[in-house]
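To keep things clear, I will list the structure first and then write my remarks on it.
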Amino acid sequence: MIDIRDIEATAKRLEGTAVRTPLLRNHALDAAAGGTVLVKPECLQVTGSFKIRGAYNFLSQLTPEEAQRGVVAFSSGNHAQGVAAAGAMLGVHTAIVMPEDAPRAKLENTRRLGGEVITYDRYTGDREAIARDLANERGAVVVPSYDHDYIIAGQGTVGLEIARQCQELGVSPDHVLVCCGGGGLVSGSAVALKHHFPDAKVHSVEPEEFDDTARSLRSGKHEHVADSARSICDALQAHTPGKLTFDIMKRLLSEGLTVSDDEVRGAMRFAFQNLKLVVEPGGAAALAALLAHKLDTAGKTTVVVVSGGNVDKELYAEIQRSG
């Protein structure tokens with residue numbers, strides 16, 4: 001299990017690469033929660049999501065021989081962009097296995113950043129097997145989307161920044177809500193947050209049909225999502241928690257929360273209308289949990305991580321119109 005020293009070392013490695021995103025406060029959001037809400041907008045991060053943190057941390061520690069052979073990743077889109085961007089910065093060839101129905105913006109941005117995109121059917125294909133086969137063929141290194149110490153430590157810098165920013169503001173968070181797919185962001189952030197604020201409750205937030213982390217936290221073992229599961233949150237469709245991430249989550253996380261697609265749409269509209277932020281469905285899950293009162297925030301200080309803003313303009317416009 002990584003510790004605070006790993007995350008602090010990673011934060012130094014990311015200086016000048018990742019943006020130190022702010023903590024935002026909004027009167028309408030405070031009123032909705034009945035308390036103090038601080039929003040961490042990773043939608044303003046390099047490539048539009050937190051994923052550059054873990055990707056750069058991983059690629060920057062390749063040996064010269066590994067860097068020359070390149071890397072292979074698998075991703076629904078945000079990790080893809082993070083890996084492609086890190087590869088461009090470090091001069092490493094990147095190949096990314098992505099669902100053919102991934103948001104067009106994510107596919108196009110990954111290619112624009114220099115990534116070689118290999119598409120597959122997310123409902124019938126095995127992206128990890130495709131990536132492993134390709135890596136073996138090329139002698140490349142596989143860059144996992146969440147279940148690796150370098151990735152977890154990179155994403156954990158979000159929690160480290162939150163902790164330091166809360167200290168600067170003189171506040172102690174009661175709850176921290178974090179969008180969750182495979183668990184890299186919430187597990188890494190929990191390590192940093194619980195080090196600085198042991199009493200803070202860190203919650204994973206998932207789509208209702210992709211509630212494997214919430215159920216796994218309750219049962220204490222890896223639970224799986226049905227193959228028939230569907231959600232608008234393309235970035236949060238892991239079918240079971242990672243091995244490394246779950247080892248951390250079951251030690252440090254409080255209750256896992258879930259949200260409906262309609263609640264996510266409402267959060268995206270709220271973010272646009274009140275926070276002036278463009279947020280993708282998966283990036284809005286934690287905000288949706290707060291706005292839908294999935295836990296008691298009255299009189300408390302709650303931090304919400306908005307994890308990404310990469311959404312196709314047609315879908316975004318449709319969601320804004322439908323409210």
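The values are calculated or read from the model by the stated rules, or taken from the named source; none is laboratory data. These numbers were taken from a predicted model, which means no experiment stands behind them. So basically every Cβ, Gly included, is an ideal-geometry build from the backbone, and we count neighbours across all protein chains shown. Quick note on the areas: whole protein, heavy atoms, side chains included, nothing else; ligands and nucleic acids left out. Shrake-Rupley method; radii C 1.70, N 1.55, O 1.52, S 1.80 Å.
Numerical summary
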read-out	value
Segment 251-320, relative contact order [Cα under 8 Å, separation at least 6], %	34
Qualifying trypsin sites (Lys or Arg not before Pro) for segment 145-224 [loop in DSSP, other Cβ within 10 Å: at most 15]	221
Per residue value of the accessible surface for the chain (all protein chains in place, 1.4 Å probe), Å²	40
For segment 1-148, share of DSSP beta bridges that run antiparallel, in % to the nearest 5	10
Relative packing of 292-301, 71-80, which averages over residues the other C-beta atoms within 10 Å, highest first	71-80, 292-301
Long-range HN-HN contacts of residue 304 with modeled amide H, under 5 Å	38, 39, 40, 177
From phi via Karplus (6.51, -1.76, 1.60), per-residue ³J(HN,Hα) for segment 203-219 in Hz, x at Gly/Pro	10, 7, 10, 10, x, 3, 7, 10, 9, 4, 5, 4, 5, 5, 5, 6, 8
Projected area averaged over orientations for segment 274-314, convex hull of C-alpha atoms, nm²	3.5
Environment charge of residue 226, counting only residues whose C-beta is closer than 11 Å and scoring Lys/Arg +1, Asp/Glu -1	-4
Whole-angstrom Cα spans of segment 173-263 along principal axes, big to small	39, 27, 19
Mean separation of Cα contacts under 8 Å, 6 or more apart, over the residue count of the chain: relative contact order %	22
Estimated vicinal HN-Hα couplings, Hz - segment 166-181 in sequence order (Karplus 6.51, -1.76, 1.60; Gly, Pro = x)	5, 4, 5, 7, x, 10, 10, x, 7, 10, 10, 9, 10, 4, 9, x
Flagged links, alpha-carbon separation over 32 Å, of 201/313; 12/106; 243/313; 194/313; 243/276; 12/221	201/313; 243/313; 194/313; 243/276; 12/221
Backbone HN-Hα couplings from phi across segment 91-99 [Karplus 6.51/-1.76/1.60, Hz, Gly and Pro as x]	x, 10, 5, 10, 10, 10, 8, 10, x
Residue 120 long-range amide H proximity, modeled H, under 5 Å	98, 100
Average Cα contact separation per residue, segment 66-151, under 8 Å, 6 or more apart, as relative contact order %	36
Cα pair count fraction exceeding 25 Å, expressed as % - segment 214-323	26
Compactness of segment 234-282 as Cα Rg over 2.2 N^0.38 Å, two decimals	1.47
Sequence-distant residues sharing a close amide H with residue 201 (under 5 Å, placed H)	175, 176
Overall Cα dimensions of the chain - principal axes, largest extent first, Å	56, 43, 38
Cleavage-rule hits (trypsin sites (Lys or Arg not before Pro)) in segment 18-93: DSSP loop, at most 14 neighbouring Cβ within 10 angstrom	20, 25
Burial ranking of peptide ranges 172-184, 7-19 (average Cβ count within 10 Å, highest at the top)	172-184, 7-19
Percent accessible area from carbon and sulfur atoms, segment 164-273, protein chains only, probe 1.4 Å	45
Compactness of segment 1-52 - radius of gyration and Dmax, Cα, Å	14.5, 39
